[in-house]
Amino acid sequence: MKKILKNLTMAASAMALTVGLASSASAETTKLRIQTHFSTETLSGQMAGEFIEDVKAMSNGEIEIEMFYSGAVVKAAETFDAAATGILDCDMTGGAYQTGKNPAFQFTGDLTGGYQNPYQQYAWLLHGGGYEQLNKLYNSHNMEFVGWWIPGPESLSSTKPFTGVKDLKGWKFRSPPGVITNIFTKLGASPIVMDFNEIFTALETGIIDGADAANLTNNVGLGLYDIANSTNYPGFHSMPADHLACRKDVWDAMPAHHKSILKVGMQALGLKNSTINEVKNAQTAKELRAKGVNLNTWSDEDMAVYRAAVQESWEEFATTPEAKELLASHVSFLRDLGAMK
């Protein structure tokens, strides 16, 4: 009897060892090198760190992310190409930086006043065929669109008065590339395209009068209101969606559950990011007013002038079949929502 029990114990131990080895052998790892243009000091940079921890926990450590902050490897606008060519694995900046490749990239992130809040824009992504529409474009550039995180409407910073359209005449400001330059040129301003991480110095030295950078809270993190004493709140001109996009072969090589974890992780990041920014921006607005920063709310008349310039610029900017298709998808969805006539 003892011999039988001994044999059974040995067999059970061997089976457990075999199962353990099989489990270890089947565990798959994904290692990703990702760059974001945000610094660790900004709220968005902190949220990117939370995303890494969420993905690590959900994957039980199978997904390892090395994040490069503040454009540490290449300039923000070069991150997409760095990922597509293998210098990095994924890009966590924004699609609008790539409008030089195809103007359609403008409509992969920022509708420049089309959507009124992040939740409408997420709705297009999740329920309006957004993933499929975006990946038609991204896949043609050897990249896979994974998800958005949208801080919410941005506020412009200015060293000069900023009360309405009349203040835009001759106003030199940092602008990202894309349709926003067309819109503000129509309104009399002088947009200057420059890298995200050059803004503070350009503002400090007077090269620019103001900046299109981020929302109130992230602008504080960038130190812009240490120099600029005027801004607008609530924001209206821009609501960029930063993306996560990975090189196509890296994405295709991932096991299905890793892909799902990254997509769901981005959706969680998006919700947390939009809601925390809504709270933080309200708090930041109070703090800035107390410090003497002028927070201007533009009139309905000024907003009508701005929106007219936006819709005209959209049509002018959509010069490729891909751009026309993406714009039509957004406009159709906005009209269905009753957010656009």
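Coordinate-derived values only; no laboratory data. Since this is a predicted model, take the numbers as computed values, not measurements. All Cβ positions, even for glycine, are placed from backbone atoms using ideal geometry, and neighbour counts span all protein chains on display.
Note the direction-averaged projected area, equal to a quarter of the hull surface, for the Cα convex hull of the range 182-221, in nm². The partial results should precede the final answer.
Working: hull surface 12.8 nm².
That works out to 3.2 nm².
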### Query
Given 25 °C and 0.890 mPa s, how large is the Stokes-Einstein diffusion coefficient of the range 91-242 in µm²/s, with Rh as the Kirkwood radius over Cα pairs?
154
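Using only alpha carbon pairs under 8 Å that are at least six residues apart, calculate the relative contact order of the chain and give it in whole percent. It would help to have the intermediate numbers written out before the result.
Details: 576 pairs, mean separation 80.3, N = 341.
So the answer I get is 24 percent.
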### Message
Contact order normalised by length for the range 158-282, with contacts defined as Cα pairs under 8 Å and 6 or more residues apart; what percent is it?
### Response
25
## Note on the structure
For the range 161-203, the charge dipole (Cβ of Lys, Arg +1; Cβ of Asp, Glu -1; about the Cα centre) points to a positive end, and the Cα of T181, T163, I192 closest to that extreme belongs to T163
### Other-chain or far-sequence residues with amide H under 5 Å of N296's (modelled H)
T231, N232, Y233
### Task
Quick one: grab Rg to one decimal and Dmax as a whole number for the range 173-254, Cα atoms only, in Å.
15.5, 49
## Note on the structure
Between K324 and I192, the two model label points (7 Å from Cα along the beta-carbon direction) sit apart by a distance in nm of 3.7
### Message
Run the reach check for K172 against lysines, Cα to Cα strictly under 23 Å, same-chain hits fewer than 8 apart removed. What comes back?
### Response
K75, K160, K186
### Computed log₁₀ I(q)/I(0) - Debye formula, equal Cα scatterers, no solvent, the range 30-86, q 0.31 Å⁻¹
-1.16
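Over all distinct Cα pairs, what is the inverse of the mean 1/r for the range 194-341, reported as the Kirkwood hydrodynamic radius in Å?
Values: mean 1/r = 0.0533 Å⁻¹.
Roughly 18.8 Å, rounded to one decimal.
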### For the range 41-55 and the range 161-221, distance of Cα centres in Å
26
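Where both residues lie in the chain, what percent of DSSP beta bridges are antiparallel, nearest 5?
Working: 13 of 30 bridges.
Taking every DSSP beta bridge with both residues in the chain, the antiparallel ones total about 45 percent.
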### Query
Is the shape of the range 59-159 best called rounded, prolate or oblate, per the rule: a/c under 1.5 gives rounded, else a/b larger than b/c gives prolate, else oblate, with a ≥ b ≥ c the square roots of the Cα gyration tensor eigenvalues?
rounded
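Over all distinct alpha-carbon pairs, what is the Kirkwood Rh of the chain in angstrom?
Evaluated over the chain, this radius sits at 21.4 Å.
Using Cβ contacts closer than 10 Å as the measure, can you line up Y97, Y69 from fewest to most? Working shown, then result.
Values: Y97 26, Y69 18.
In increasing order of surrounding Cβ atoms, one gets Y69, Y97.
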### Message
Using Cβ counts within 10 Å as a stand-in for footprinting exposure, how do V74, V250, V279 rank, fewest first?
### Response
V279, V74, V250
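Restricting everything to alpha-carbon atoms, can you work out Rg to Rh for the range 119-173 with a Kirkwood hydrodynamic radius? Let's see the in-between values first.
On the way: Rg = 17.6 Å, Rh = 14.5 Å.
Using only Cα positions, Rg/Rh for the range 119-173 is 1.22.
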